[in-house]
Amino acid sequence: MSPQTRALHAAAMPVAGGLAPAWSRIVETPRVLGQNDRVGDCVIVAGFNAVQTALARQGNFTKLPGDLAVRIYASLTGYVPGDESTDNGTDPEAFLAWWKVNPIGGHRLGKFTRLNPVDVDGIRTAVTGLGCYLCVDLSSANEGQMVWTPDGVAGSWGGHAVWADEYEAAKIGVSSWGEGYGIGGAYFAAPGFVTAAFALELEQA
């Protein structure tokens, strides 16, 4: 499969703490982990964090249940909890197509628009809206970084999906593993690190 449509799988223990200094978020929202420190359900968890942003901007700060993300992952992929051989990640576009029919947290995906994944200005524009759904190929050098830089070999740590809904001049802020991480502008420009980007429009179900 192409880098844009292959199954993504990244489960790793998050580093303690969050972004430092703290990001100025447009609206402070809860972050969903969804067991993604142990299970490769990042594609679904990124969608959950998009819904958290939409809810927060409506003044609703209820945190979505992470175990629901795992159940959706299981139903989409055949994952069996406790059986690592079935934990093989998810095709992002297959999940987005599923979400157009099945609401999460009272929100169905109305439309998704593919963006140029190396166009940081276009991605920043999407972030000023609802946000941007990103697929990245993390390098082993990114392990332990709170702001990802394009060091090492893209994909050597694994494919991952994150939700971006915050920014400052030089960085995009994303939710990953229940924490806040940053992506510097050079990460987008470097070949192979950001493999796909989608602007999402949600509808209340």
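The condition (being more than 25 Å from L138 (Cβ to Cβ) and over 14 Å from the mean Cα position of the chain (by Cα)) is satisfied by just one residue among P103, P81: P103.
Does R71 satisfy the condition of being open to solvent by 30 Å² or more (accessible area, probe 1.4 Å), free of Cβ contacts under 8 Å to residues at least 12 places away in the same chain and either basic (K, R) or touching a His at 6+ places or on another chain (Cβ under 6 Å) (or both)?
Numbers: open to solvent by 30 Å² or more (accessible area, probe 1.4 Å): yes; free of Cβ contacts under 8 Å to residues at least 12 places away in the same chain: yes; either basic (K, R) or touching a His at 6+ places or on another chain (Cβ under 6 Å) (or both): yes.
Criteria met by R71.
When the range 158-187 is filtered for residues that are open to solvent by 40 Å² or more (accessible area, probe 1.4 Å) and either modelled with pLDDT of 95 or more or closer than 20 Å to L202 by Cβ (or both), only Y167 remains.
Exactly one residue out of V120, V194, V153, V127 is farther than 18 Å from T29 by Cα, β-branched (V, I, T) and at pLDDT below 95: that is V120.
Scan the range 118-145 for residues that are over 15 Å from the mean Cα position of the chain (by Cα), in a loop (DSSP other than H, G, I, E, B) and not β-branched (V, I, T) and jot them down. Residues satisfying the conditions are D119, G129, S139, E143, G144, Q145. Annotation for the range 123-130: no member residue is in contact (Cβ under 8 Å) with a residue 60 or more places away in the chain, open to solvent by 10 Å² or more (accessible area, probe 1.4 Å) and farther than 25 Å from K100 by Cβ. Only residues that are touching a residue at least 24 places away in the same chain (Cβ under 8 Å), closer than 19 Å to T195 by Cβ and either part of a helix (DSSP H, G or I) or not β-branched (V, I, T) (or both) were counted in the range 95-117, giving 7.
Restricting attention to the range 169-178, does a residue exist that is at positive phi and within 13 Å of the chain's Cα centre (by Cα)? If you could, list the steps in order and put the result at the bottom.
Filtering the range 169-178 for residues at positive phi gives 177-178.
Filter once more, so that each one left must be within 13 Å of the chain's Cα centre (by Cα): 177-178.
Yes, that holds for at least one residue.
The values are calculated or read from the model by the stated rules, or taken from the named source; none is laboratory data. Nothing here was measured: the structure is a model prediction, and the numbers come from that model. For neighbour counting, all protein chains shown are included, and Cβ atoms are generated from backbone atoms with ideal geometry for every residue, glycine included. Note: areas computed on protein heavy atoms with side chains; ligands, DNA, RNA excluded. Shrake-Rupley method; radii C 1.70, N 1.55, O 1.52, S 1.80 Å.
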